[in-house]
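J.: Below you will find the structure I want to go over with you.
The values are calculated or read from the model by the stated rules, or taken from the named source; none is laboratory data. Since the structure is predicted, the reported quantities are computational estimates derived from the model, not experimental observations. Methodologically, a virtual Cβ is constructed for each residue, glycine included, from the backbone with ideal geometry; neighbour enumeration extends over all protein chains shown. The protein model used for the area step is the full one, side chains on, heavy atoms only, and it has no ligands, DNA or RNA in it. Shrake-Rupley method; radii C 1.70, N 1.55, O 1.52, S 1.80 Å.
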Amino acid sequence: MAASIKPVVISGPSGGGKSTLLARLFKEFEDCFAFSVSHTTRQPRKGEENGKAYHFVTKEEFKEIIKKNDFLEHAEFSGNMYGTSKQSVKDIQQTGRICILDVEINGVKSIKKTDLNARYIFVKPPNMETLAQRLEGRGTETEDSLKKRLASAQEALDFAEQPGSYDHIIVNDDLESAYKQLKDILAEDIETLRKTRSK
Ligand code: ADP
Ligand code: 5GP
């Protein structure tokens, strides 16, 4: 059963390319992976669908979920709240697909304390200058949020340097090469899942 395949936690500085890599993965292996849709209090970006990119909620709604103890983990990032509901992970596990979570470093630290038993992948930008250019080029940030996101990037990079923080580090310089690294990391899981299904 897919239950023996570990969920995958992806983390890395904002603008490092996590969503870009995951979008390709979901397109190519639609039958194998599913994204754990988090809750957030940030405003939706252009094109982000409620329930698909995130469950967009108010601060009050978010607090209510915390109170009910329905989050597996939650954290504040760049002035907004983000959280993984226990239900979102459970729902995916029931579909038999491999659950993928995209969380910042406090999420990684919290998930490590749960019984999720995940694999951890860090997506690293080639350098800070490129990261800043990509984040700005994405056109989603204000001057203030850009500053906040870049300020937290160094902390994420320092954490990734500590032995044992991540199982794999992907340097996202050339996109094709980064995507190949991601596929290589997940190849065994994909094979196991498909073999199990064909039995
Ligand atoms: P994250 O999800 O980690 O915040 P994104 O996937 O949104 O990052 O990527 C940030 C921006 O950088 C996007 O505009 C994306 O198209 C671009 N980008 C991602 N990877 C690369 C790459 N290897 N080379 C050039 N641009 C990239
Ligand atoms: P963005 O606003 O760019 O979509 O996401 C900002 C940051 O929040 C990213 O680093 C992303 O990994 C993180 N994030 C998204 N969902 C969650 C979540 O449920 N929990 C935590 N801890 N971080 C999240």
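J.: Is it the case, given these coordinates, that Lys90 is more than 25 Å from Thr196 (Cβ to Cβ), more than 16 Å from ligand 1 (Cβ to nearest atom) and of a type in the set (Lys, Arg)?
T.: When the stated conditions are applied, Lys90 does not pass them.
J.: Right, something else. So, in region 74-126, of the ones that are on the phi > 0 side of the Ramachandran plot and either within 13 Å of ligand 2 (Cβ to nearest atom) or among the polar types (S, T, N, Q) (or both), which residue ends up surrounded by the fewest Cβ atoms within 10 Å (Cβ to Cβ)?
T.: Per the criteria, the residue is Asn117.
J.: If you don't mind, there's one more thing I want to ask. Restricting attention to region 157-199, which residues are without any contact (Cβ under 8 Å) to a residue 24 or more places away in the chain, within 21 Å of Ser14 (Cα to Cα) and charged (D, E, K, R)?
T.: Listed by number, the residues that qualify are Asp158, Glu161, Asp174, Glu176, Lys180.
J.: Something else: Scan region 162-180 for residues that are open to solvent by 60 Å² or more (accessible area, probe 1.4 Å) and in contact with a strand residue (DSSP E or B) (Cβ under 7 Å, 6 or more places away or on another chain) and jot them down.
T.: Correct list: Asp167, Ile169, Val171.
J.: Can you name every one of the strands (runs of 3 or more DSSP E) wholly within region 64-149 that holds 1 or more residues which are more than 27 Å from Asp174 (Cα to Cα)?
T.: Values: elements: 71-77, 80-85, 98-102, 119-124.
So the answer is 71-77, 80-85.
J.: Cβ-Cβ under 7 Å, sequence separation 6+ or interchain: first residue in region 37-48 and closer than 24 Å to Lys90 by Cβ and touching a residue at least 12 places away in the same chain (Cβ under 8 Å), partner part of a loop (DSSP other than H, G, I, E, B) and more than 9 Å from ligand 2 (Cβ to nearest atom). Which pairs?
T.: Going by the 7 Å Cβ cut-off, the qualifying pairs are Val37/Gly51; Val37/Lys52; His39/Val57; Thr41/Val57; Thr41/Thr58.
J.: I've got another one for you. Among the residues of region 22-37, are any polar (S, T, N, Q), modelled with pLDDT of 95 or more, surrounded by fewer than 20 Cβ atoms within 10 Å (Cβ to Cβ) and within 16 Å of ligand 1 (Cβ to nearest atom)?
T.: There is no residue in region 22-37 that is polar (S, T, N, Q), modelled with pLDDT of 95 or more, surrounded by fewer than 20 Cβ atoms within 10 Å (Cβ to Cβ) and within 16 Å of ligand 1 (Cβ to nearest atom).
J.: Pro7 passes all but one of (1) more than 9 Å from ligand 2 (Cβ to nearest atom); (2) open to solvent by 60 Å² or more (accessible area, probe 1.4 Å); (3) of a type outside the set (Val, Ile, Thr); which number fails?
T.: That leaves (2) as the condition not met.
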